[in-house]
Each structure stands twice: as C-alpha cells, then as structure tokens.
Amino acid sequence: MRPFTYERAASADEAVKAAAATPGARFIAGGTNLLDLMKLDIERPQHLIDVARLPLGAIEPAGGGLRIGGMATNSQVAADPQVRRRYPVLAQAILSGGSPQLRNKASVAGNLLQRTRCAYFYDTSKPCNKRAPGSGCGALEGLNRNAAILGQSHACIATHPSDMAVALVALEAEVETLTPSGEARRFPLAELHRLPGETPHVETHLIPGELITAVVLPPPPAGGQAYRKARDRASYAGGLASVAVAGARLALGMVAHKPWRATQVEQALAAGATPAEAIGEELKDAATAGRNDFKVTLTARLAMAALAQAEGDAA
Amino acid sequence: MSSVRDWEASNPIKEGRQGVFGKPVDRYEGPLKVTGAAPYAYEVEPPSPAAYGVMIGAEIACGRIVAADIAEAQAQPGVRLVWTHANAPAQAPKGTRKHPRSTSPSRPALEDNRVAYFGQPVAFVVADTLEQAVGASHLVRLSYAEEPQNSDFHASLAEAVDPPGEEDVEIGDFDAGLAASAVKLDETWTTPIQNHVQMEPCATTAWWDGETCVVHTSVQMVKPAQHGLAETLGIDRDAVRLLTRYIGGGFGGKGQTYDDLTLAALAARELRQPVKVAFTRRQMMHGTIHRPATVQRVRLGADRDGRLNAMSIVTWTHCHRDGQFTEHASNFARSLYAAPNRLTGHRLVKLDLPGAGPMRAPGEASGTLSLECAMDELAEQLGLDPIELRIRNEPEADPETGKPFSMRQLVRCMTEGAQQFGWDRRNPKPGQVRDGRWLVGLGMAAAIRGNFLLPAKCSFSVDVDGIVTVRQGMTDIGTGTYTVLAQIAAETLGVPLEKVRVEIGDSELPPAPGSGGQFGAATAGSAALDAGMNLRKALAELAVNDPASPLHGAAVEAVAFHDGLIAVENRSETLVDLVRRSAPQGLAAEGEIRPAADARNWSQHTYGAHFCEVGVDPVTGETRVRRMLGVFAAGRIVNAKTARSQLTGGMIWGVASAIHEGNAVDARYGSLINQDLAQYMVTVQADLGELDAVMLDEVDDKANPLGIKGVGELGNSGAGAAVANAIYNACGVRVRDYPITPDKLLPGLIRAGF
Amino acid sequence: MRTTITVNGEARTHDLDPRTTLLDYLRETLRLTGAKKGCDHGQCGACTVLVNGLRINACLSLAVAHDGDEVVSIEGLGTPDALHPMQQAFLKHDALQCGYCTPGQICSAVAMLEEVAAGWPSQETADLTAPVLLTPDELRERMSGNICRCSAYPQIVAAIAEAAG
C-alpha cells in the first residue's frame, strides 16, 4: 500500500468534517473491500477516517419498519431477530455473500459501496475505464463471462457484486446519509448507484465525503420473500446472477452496474402476465458481450424459481 | 544391481511386531501444525532481523524492457535496494551446470531485459519493513517494447507436433480395428489450464553464515534446489545449505524453485543481512508453473458384447516456448483396458504463456477426464453397466507390453465399491431421479496410476536415551513423510513411536528424491528400512560381542528388537542399557535403496474405483457432490490415517477438476484471467457431502522391500470423471469441456426440457 | 501510530505504520506466525483470528484499527504440550495435511461454534426463525470461508463435529 494517515473518528459529524477538510480522504469501516483494493494499488487514499466504531450500528424499529445503522456488520443484520422474521430475503441475501469472517467485518454501508469484481478492473496491467478513466474496457472484447447484461455502456460492462443490496432494493429501502456540510439526507436506495454511461468510475450519486449512516426499511410488503443466487461453487463465491423477491417487487443482482430493480417484471405481473412473460419483458433489452449470453437465460430461470419460492413462502 | 528377489525376505515391517506399521497413528508433526508452531519458510527465525523483499512482475507476455525508472522507489524511507536487469548482481548465465553432477542448472533472476511470460519477475525491492517494500514497489516504473506473442492454444492446434523424442504408440492396426467394430465412439474432450494454488505461496528466508548461504525455502525436492542455487550464485554446492522443513502444499508446483530463492540469497549477500521474499497470491498464478490445457480425442470401437476392439486417445497440449514439458494425458490408457488395436500419443504446441509443468497426477488427472467418460458413454450405447463394460475389458497382462501385472485389483475395487456405495440403486436412464429441487445421479470411474521407486539414502542413529533419529534429505508436503519414517523406525528398531525423531528437509542430510509422482513413501521408506536394518545389525553385533551384555555370544541373526528391548529368546536388555554401556557416543548406520533392474519385468500400478452421487439444479445448472466413495488398491498401507487423507484429498481435486477449477487465457495479453482465489475456484466445504476412501488389503512384493506403493496421485486419477458421469446420470447432459459450470450445463438442461 | 492490542491475553504496545495489517502485525511485529498468509485478500481464510471473540480475516484489517481490541490467535488457544480440544480433534482426525490452512481452520471452527451457540443463521438454515442446529451441512457451510487445498475437508468436518460434542 502507498503511505496514508489514519484517524479514528469520534463522531459522524467529525468524520464528515475531516473528510471535507482532508485531500484524498476516505472512510473505512470493515475495510474488506477497500484494503483489498489498496493492496493492489487500485485505491490510493491519502487519509483514512475510521468510522467503524461510530455509534451507527444499531438495528431498531422505525416507522413500522427497521432502521439498520450503516456500521452494523453484515453478520449482525443477518442474525437480527427482526430481520429474520420480517425481512428473510435480506438475511438470505447477506448469508449468501462472502464468508462468515468477511460478514463479521463488513459493514452495511461498505457493502453498498463495494466495487466490481471484474477481472479487468483488478488487473492493473489491463485497460479499465473504471480504474483508469479513458484507458478503455478490457472486458468488452475479453473474457466477459460474468459481465453485465442490463444497463451497460460501451465504456463499461462491469457488475455490482453485492447480494445484500439486491434484497434491499427489492424491499424499497432508503439510505440515510450525512453530507460533508453536516446535513442529513434520505433517499431511495435504488437511487444510490449509477449506471456506467461514459463515467463508470463514478459509481454513486453520493457527494464526495458523504457518509452513509443508515439504511431504513419500510414495513415488509405483503406476500412472500425469496432470494436465489447462482454461482460457480456452493459458498464463498460471487454470483453469476441473483434474484430477490419481496411481495410484488423484484430485483436482480450481478447483472448490471447496480442492483437492478425489475420494474418491468413488476408491472407486467400486476397487469396479469405470467412470470415467464413478465421476466421476458425485463430481459428483452438485455445485451450480451459474447461469453455471458447464458446470463440472460439463467436470470430468467432464477427469477421464475424465486417467484415460485416466494409464492410458496407466502402460502 | 539389486533384484526384486532381494525384497522377498522377511523384515521387521512385514512381521510388524511393534504394531505401528499400517496403523492410523497421528501425524508426527501434527501438534506443531495445529498450534501454528511449525515454522514455514517465511517464518523461520533468522539470526538477526530480516529485511523484506518484494518482486514485481512483467505486465506483458513477450518483449523487452526498454526503460526502468527506479529513482523514486529507491528514495523511499527504509528502502535498501531496488533491482532490475540493469543493476542486478552478476549470476551464472541461465542453464549453467559447472558441476557435472548438479541435478539442476542455474536459474538467474533478472538476467536480462527479455520478458518471456506475463508476470515474470522483472524488478525487486528490499526494505526494512514489508510495508515499505510494497509501497516502494508501486513506484518502480518499467517501460516495455511488446513483441508479437501467441498464447491461444485452441487456435494453435494445427501447429502442434510430436513432443521431442516421442512418437505415437500403435499396437495392431487401430484404423482397421475401429472400422471393423460394431459400436463406435469418437468424441473430444477439453481440459483447462489449472493452477496448483498451494495454500502457502512460494517463499524464502535467506542469510549468509560466512561463505555459506543458508536458505529456508518451500520446495518439494532438496538437492535440485540446492544445486541450482549454487550454480546460479557460482559457488560450491556445499556452500549452499538449503532447508525445507514445513511446506504449505506442493502438488508438483514446488518441484522446482523460483526467483524468490535466488533474489533472497543475492540480497542477503548484498545487504549482509537476512532477507525474506514471498510470492503474492496473484504472483503465484503466473509466476509459477501450471497444468497445461488439453484437447483429447478418444475413439473406441467395440463389439456388441462390449469387448473393445480398438482404443485410441490422442492429446494435444502446450508448454512454454522455451520449455520441454508435455502433459502425458494419454499414457495411462496404455495399461488400463484390453483392446487388440491401440493408438496413443501426444501433440505439443509452444506458446508464450508461463511455464507448464507437473501438477498432482500429471497425465492421469487430465486423461481420465476423457477416457473414463468415454467408457461411460460406450456403456450406455451398449446398454451395459459401466462396471460390467470395464470388467469385460479387463486385461490378463499389460495390454501393450504383455508384461504380467505385479498386482492388479481393479475389478475388486469396482465390485467392492459398488456394493459399499449402493451402485445397484443407480437408474441407468438419466434424468429420472429427483430430490426436492435437485436432479440426482450416480457415476463411477476407474483409477490408475503408475508406481515408481527412485534411489535414496537415509541414516539412523540411536543415542544413550534410546532415542532413534531418522535423517534424510526428504520432504513432507502434507503427504505424511515425517509420520511414515517414524513408523518405519519404530517398527524396525522395536521402539515406541515416542522414542523416534525425524529430521528431514535439509541438504546436509542423506539425499532422497523428495516428494512427487507418488514415489515418496516407497522411496524414502525403503531407504529408511535399509538404514534401520543396518543399525539393527550394528546394535546386535555390539551386544553379542559385549561380555557385559546378556546377549553375549548369541548369533547376530537371532537377535530381536521389540518394545525398547534387544533380545535373544529369553535373554534381553534395554536398548538404552546397551548403548549407554557399549556405545556412549551413540551409534549410527546408513542405508539406501536402488530400483531393482528386474522390477521392469512387471507392469506396476496402483488402482481404484470412484463412485459419486451428485445433485444438479436444473434451474441453474449448479452441481453439488452429495456422496463420494473411492476404493483403492495401492500395496501395503503404511498409515491408514494419512493414506486415507491423501486419497480423499485427491478425490476432492477430482471434484474441483470436474465442476470448479480452471483458468482461461486472454490471448490478447497472454495472461490468465483468474488471478486470485476469488476468481480461481477451488472446492470448498459446502460443495461436498459425505466422502470417504477405502483401501483394500494388498502387498506388492515387486514394488520395494516394504511392499508399499504411493497414494498421493491415485485419488485424483479418475475422480473427476466419476463426477462428470454422475452429472450425466442426473440430468442427461454430457459436457465434454471442463469444468462443467452452470453456463455449460444450461443449454443441455433446456434442451432436455428441464 | 502508537497502538495497544491485547493479544492472547497480553497487552502489547507498538508504534505502527498505519499500513500494517493485523496479520502482518501478528506475524512480523509480534512474530506470532501461526496465522498464515495464504492470499492476503480475504479469499482463503488462512489468516483467521478472533477479535473480541469474532472470527475475521486478519489480512483485511489494519492493526491500528484494533487499538484497544482483544485478539486471540492460534497461539492463544493451545500449545503442542497442552492442546485445545479443537486442536486435539484436528490431530486425531487428521484434519490437516500440509498444515498451512490449519491454524485458520481451527480459529474459525472455535468461533463458529460460538456463532451457532448464539443462534446465528447461515445460508443452510432453512427456517430462519427456528433454533439453529449444527447439522453436517450447516457445519460445511459455516466452514466454507476456510479453503484447504490439500482438501482435508471430510476430516475437518469430523474433527469439528467431535469437538462440538
């Protein structure tokens, strides 16, 4: 790693102030993704503001739903009795990601902000517009078996790797933040991440130095919930595709630059389409890059299985 | 020259009076490993604090370094040196073999500006701390002039030629035999590049003790590593002391040394301070050898009763442009099934990829993935049970050489395995069995691996406390060498295991070939037996010639050793008493083993049969192994516990080869796509259900004086084919392109209506 | 940065480079080399240690971030002459071959049993609201963050099952 300075923030207010005042500053919570990338010289922060111990880890009832502190660990959320009883899709999604050791460290906020696992992003000898804007996309004509099929651009076909965020999008979660000026914001999680467009290195709509303080879940929707993920081995592996179902809402994972709310599926189902027709509606715009064609089929089959599972769950 | 007849005589191992040989005794070095107290190469305590070396890999596959800017890196705090080819110390040119008996030539690091493969170490930084060295490594700037490279194996098959000095082996007339066959099969399988992914990346700690270079490194073979480093440094072989006491996995990938060894030794000399260097995980993927990809064409011709009339397997594979290695994936088939008309061979193409080399069960691991599935397909065509098909093609003698088999219990492995596994529950029609969301299927495959014996030496000593010490320049890469040597010592000298010490992994000890090719236990153990017998003789002579011994005057041949006693009939004394009185300095003896000239008169192999039950999720094409059993025949088993571990480990490697593991080349860059353990999939716990290995009783007296054979490769041979056959039985989809991942299964599942 | 961490019951204070990971702090600063560096990126589990009782990958954690924490490494569980029951079980069932992943497996297993006792679910847990039982499949899923390339997996399951009682 390149040299950096480190401080442990005393409060969320101080953390965002420090971030605003220090060039090259980054927040660090669990560090499971940031340190991974710093070791590879992909992330090069000059200053780290440790927010892991801020009192932002509570999981508590809020407005009929649940507020999950941004610093709650993935393990804590998955083990929370409220989450398990009312939001099983969230627990299942979290438990299908990473390993117990990673989940014990990784925070909710950090999970949302984790970066792609695209091999061309990770190999610093290769072109990557996300890592080195303007250098090109190595994956576009490369070994792109796990590339995006929805919402990608000619500049980037990387996917967002989170499991948790897929469930949160299906649950219509909102994000609470603290801006660098100390102002609290709240907006739908579905509006946190961006599609790559011409600027795949800009991944969210957060203001630089803005801290995610919590995720707020509305009351669970009526109906069943289910999370299904396909992957190359049974555990401790990123996904090829995933589907979260919460009542009448559905989100897709690992198929786009962001967790993908499948609104066309939802609308078609509401209008009386069969699951296959509804999913076909969402995937009719899918584009593939040569080696990831199967992801369209896989996503459709996974979605149908998840819908059936959720229906069974509701029964 | 010795003869297998020399091995027929009884010996303490065959008699087993001490009762430790063959028993499931705990791993000798286990207490150190479970407590983290066993120091691996990077963890050895040097005489003074070590500086930290970090290597930098090339970012192109072929070309030259045209500029190296090291100034900024050199200026960083704590940085002690920065080397590229431009300023690295002089070393012997690559391939130098100044000493005629060196077992390995020089391997200079940073030799010149040529880049021959992606990831080749091209720069090196040493600093006071690891953090400083890594930080500075990001500031070394290298400029390259790229040259055209070819790393596309599948596009280069037409360029492939016979490997040097090899040609196809044809018995009978294969084409005519195939043409005359009533039932034919002609299919092609592909296997990918695989990386060894030992849990311990290659590493070295080095320092200089006067003119002697002391290196602790992670390597499977001691002498070639020692000799190669001495040749590289241009010093006497005795001036290199190489130690490798604990090795975090080898699997063939540590059968040679890498630049961590050379650079640590050079920097320690330059800085007059210990230096340690380790590969990063990413560096391991390109910087060390890999199992090359293969294309295998299998053709079988049989009559309607299932008797093979023609059999052929031809393998295309690749190695580095400057390399020699051939993945002999066709060879095992020469001894497996009877067929009068046979054709086997290999084609090799040279590519600008990192070095290809041996990886666990080289040859068999890849080759059985085709032939053992082809047999499954042929059985289905014939309407025969796959075991019955194999039984009908069981040869009475080696089908190519006509030599008798020393031991061959393949049929028994299959029939006993079938019974224990419940093979009769298999529905021969695929895609019929459901369990919840899973389609369930059973598959089997045969296993074969050759048996080898190499020359080795060993020494035994006993001290006044009755401690027997085995010394041998052997290695233990997790195979159980420490443990089996201790068992042989205990059995041979009639002492409890607690009285045995084992010292291995040191170039100053009597030489042994190291770990590889499944020859380790037989080779090291046979030399140990000889050393033990010589020490017994020396002790017996001491006793019978000592008037103070109760054994005085007895015949040397009549002396027995058991339970710490040396005895003739009812006269005895303790070993401790004898040594204290008659050899207060202790007593030592040497021993050795050499291959028997007439051993080649027999076809010698180990055998097995794998049985696997998988579940396939028809929605996603994901596969899980629900149950797996291997039954093996591999000579006398030295340690039922460590041998079972070797076998089950090999079986799980088969699982990985079938459904998880593989690397792909981005031919634009000549680099591998999977460069870490998040991308390169090896099997984890959750992929597996119950899995066990059973060993049949066997003694192979043509193998060596112990009657033992190896098991390290055998478990891997055939295991992946059993998984692939089970997948077919589960869902009716054949995928002949490994690994069988969801993307490859899905189209077939959809076609099959799932 | 001046950092105090209680390691295996003993408070240790060092002036640390902020870049030093918890793993390199244990291995290089304290010379406690039981925790292994298999990948250095949280992808293998060989560096697993317990921090305030929870298992984590020491390679993906900065040592300075653990100021005030309690860390238990393999050396804190037992010694060759006084093995922890989990270490004894690994030895008995031959749940190791090369031994390099073993300290991480054992630390992980010890902490895993605590997670089960606390009722934490896994992706194998069919009913998220029912009490958690340590079935063989639960055990395998919960130990999947520790790769063993020698593939001593069946033996590891047997050892942990015995130690779990």
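By its C-alpha gyration tensor, with a ≥ b ≥ c as the square roots of the eigenvalues, how is chain B shaped: rounded for a/c under 1.5, else prolate for a/b larger than b/c, else oblate?
Taking the square roots of the gyration eigenvalues as a ≥ b ≥ c, chain B is oblate.
Cα centroids of segment A:281-315 and segment B:675-754: how far apart, whole angstrom?
Distance between centres, Cα-based: 30 Å.
Using the charge dipole of segment C:85-164 (Lys, Arg: +1 at Cβ; Asp, Glu: -1 at Cβ; taken about the Cα centre), state which of C:P136, C:S108, C:A164 has its Cα farthest towards the positive end.
Working it through, the farthest residue towards the positive pole turns out to be C:S108.
For chain A, just say rounded, prolate or oblate: build the C-alpha gyration tensor, square-root its eigenvalues into a ≥ b ≥ c, call rounded for a/c under 1.5, and beyond that prolate if a/b exceeds b/c, oblate if not.
Here chain A falls in the oblate category.
Anything losing 40 Å² or more of accessible area from the isolated chain to the full protein assembly: pick those residues out of segment A:232-270, probe 1.4 Å, ligands and DNA/RNA ignored.
In segment A:232-270, residues shielded by partner chains: A:D232, A:R233, A:A234, A:S235, A:Y236.
With unit charges on the beta carbons (Lys and Arg positive, Asp and Glu negative) and the dipole taken about the Cα centre of segment B:599-644, which residue among B:S603, B:V638, B:T623 sits farthest to the positive side?
The one lying farthest along the dipole's positive direction is B:V638.
In nanometres, what is the gap between the two model label sites at C:A164 and B:D236, each 7 Å from Cα along Cα-to-Cβ?
For the pair C:A164/B:D236, the computed spacing is 5.9 nm.
What is the distance in Å between the Cα centres of segment B:513-549 and segment B:123-197?
43 Å
If I stretch the segment between B:Q324 and B:Q419 completely, what's the gain in nm (0.36 nm per residue apart, minus their alpha carbon distance), one decimal?
In short, 29.8 nm is gained.
Using alpha carbons only, what's the Rg to Rh ratio of segment A:27-132 with Rh from Kirkwood?
Result: Rg/Rh = 1.04.
At a 1.4 Å probe, which residues in segment A:9-48 are at least 10 Å² less accessible with all protein chains present than in their chain isolated?
By number: A:T32, A:L35, A:D36, A:K39, A:L40, A:D41.
Starting from the Cα of A:D293, step 7 Å along the direction of its Cβ; do the same at B:E166; then give the gap between the two resulting points in nm.
With each label point 7 Å from Cα toward Cβ, the separation is 3.5 nm.
What are the residues of segment B:615-649 that lose 40 Å² or more of accessible area, with a 1.4 Å probe, going from their chain alone to all protein chains?
B:V619, B:T620, B:E622, B:K641, B:S645
Assigning unit charges at the beta carbon (Lys, Arg +1; Asp, Glu -1) and nothing else, what dipole magnitude in debye, to the nearest 20, does the protein assembly as shown show about its Cα centre?
Charge dipole, the protein assembly as shown, about its Cα centre: 780 debye, nearest 20.
Place a point 7 Å from Cα of B:L565 in the direction of its Cβ. Which residues in segment B:485-511 have their backbone N less than 15 Å from it?
B:494-496
Only four residue types carry charge here, +1 at the Cβ of Lys and Arg and -1 at the Cβ of Asp and Glu. Report the dipole size of chain B about the Cα centre in Debye, rounded to the nearest 20.
Result for chain B is approximately 360 debye, rounded to the nearest 20.
Need one value for A:131-143: mean number of C-beta atoms belonging to other chains within 10 Å of its residues' C-beta atoms.
Average neighbour count from other chains, rounded to a whole number: 2.
Sorting B:W83, C:W120 by accessible area (1.4 Å probe), largest first, what list results?
Ranked from most to least accessible, the order is C:W120, B:W83.
Could you give the length gained on full extension between A:S125 and A:E14, defined as 0.36 nm per residue of separation minus the Cα-Cα distance, in nm?
This chain segment gains 36.2 nm when fully extended.
What share of the DSSP beta bridges in segment C:2-77 is antiparallel, in percent to the nearest 5?
Just about 85 percent of them are antiparallel.
For the pairing of chain B with chain A, what total accessible surface becomes buried, with a 1.4 angstrom probe, in square angstrom to the nearest 100?
2900 Å²
Determine the share of segment C:85-164's accessible area contributed by carbon and sulfur atoms, expressed in whole percent, with a 1.4 angstrom probe.
Heavy-atom surface of segment C:85-164 belonging to carbon and sulfur, 1.4 Å probe: 57 percent.
Using 1/(1 + (r/R0)^6) with R0 = 56 angstrom and r between the beta carbons of A:R194 and B:A158, what's the FRET efficiency to the nearest 0.05?
0.75
Rounded to the nearest percent, how much of the accessible area of segment C:2-77 (1.4 Å probe, protein heavy atoms only) is carbon and sulfur?
Summing carbon and sulfur atoms, their accessible area is 42 percent of the total for segment C:2-77.
Just to confirm, what accessible area per residue do you get for the protein assembly as shown at 1.4 Å probe, in whole Å²?
Result: 33 Å² per residue.
Roughly speaking, what is the centre-to-centre gap between segment B:49-80 and segment A:65-141 when only Cα atoms are used, to the nearest Å?
Each part reduced to its Cα centre gives a spacing of 33 Å.
What pairs in A:K39/A:K130; A:K229/A:K284; A:K105/A:K229; B:K429/B:K744; B:K744/C:K36; A:K17/A:K130 have C-alpha atoms more than 25 Å from each other?
B:K744/C:K36; A:K17/A:K130
State to the nearest 20 debye the size of the charge dipole of segment B:249-355 about its Cα centre, where the only charges are +1 on K and R beta carbons and -1 on D and E beta carbons.
It comes to approximately 140 debye.
Once you have a ≥ b ≥ c as the square roots of the Cα gyration tensor eigenvalues for segment B:22-94, tell me rounded if a/c is under 1.5, and otherwise prolate or oblate according to whether a/b is larger than b/c.
Here segment B:22-94 falls in the prolate category.
Distances over 19 Å make up what percent of all Cα-Cα pairs in segment A:1-51?
Pairs farther apart than 19 Å: 20 percent.
I'd like the interface area for chains C and A: accessible area of each alone minus the complex, both sides summed, 1.4 Å probe, protein heavy atoms only. What is it in Å² to the nearest 100?
That pair of chains buries around 3100 Å² in total.
Expressed as a rounded percentage, what relative contact order does segment B:259-413 have, with Cα pairs under 8 Å and six or more residues apart?
About 22 percent, as a whole number.
Just the number, please: carbon plus sulfur as a percent of the accessible area of chain B, 1.4 Å probe, no ligands or DNA/RNA counted.
48 percent
On the first, second and third principal axes, largest extent first, how far apart are the outermost C-alpha atoms of segment C:2-77 in Å?
Computed over the Cα atoms, the extents are 29, 27, 20 Å.
Over chain B, what relative contact order in percent results from Cα pairs under 8 Å that are six or more residues apart?
17 percent
Determine, for each peptide in C:71-79, A:157-165, the mean count of other beta carbons within 10 angstrom over its residues, then list the peptides with the highest first.
Packing order, densest peptide first, comes out as A:157-165, C:71-79.
Restricting the count to DSSP beta bridges whose residues both fall in chain B, what percent are antiparallel, rounded to a multiple of 5?
For chain B, the DSSP antiparallel bridge percentage is about 75.
With an 8 Å cut-off on Cα pairs and a minimum separation of 6 or more residues, tell me the relative contact order of segment B:516-610 in percent.
30 percent
Taking both sides together, what accessible area is buried at the B/C interface, probe 1.4 Å, expressed in Å² and rounded to the nearest 100?
About 4400 Å² of accessible surface is lost on pairing.
Which loop GluC sites (Glu not before Pro) in segment B:100-199, with loop taken from DSSP, have no more than 12 other Cβ atoms within 10 angstrom of their Cβ?
B:E167
Name the residue farthest towards the positive end of the dipole of chain B from the options B:V579, B:L749, B:A160, assuming +1 on Cβ of Lys and Arg, -1 on Cβ of Asp and Glu, about the Cα centre.
After comparing all options, I get B:L749.
The values are calculated or read from the model by the stated rules, or taken from the named source; none is laboratory data. As the structure is a prediction and not an experimental result, all values here were calculated from the model. Every residue, glycine among them, receives a Cβ derived from its backbone with ideal geometry; neighbour counts consider all protein chains shown. Surface accessibility is based on the protein's heavy atoms, side chains included, excluding ligands, DNA and RNA. Shrake-Rupley method; radii C 1.70, N 1.55, O 1.52, S 1.80 Å.
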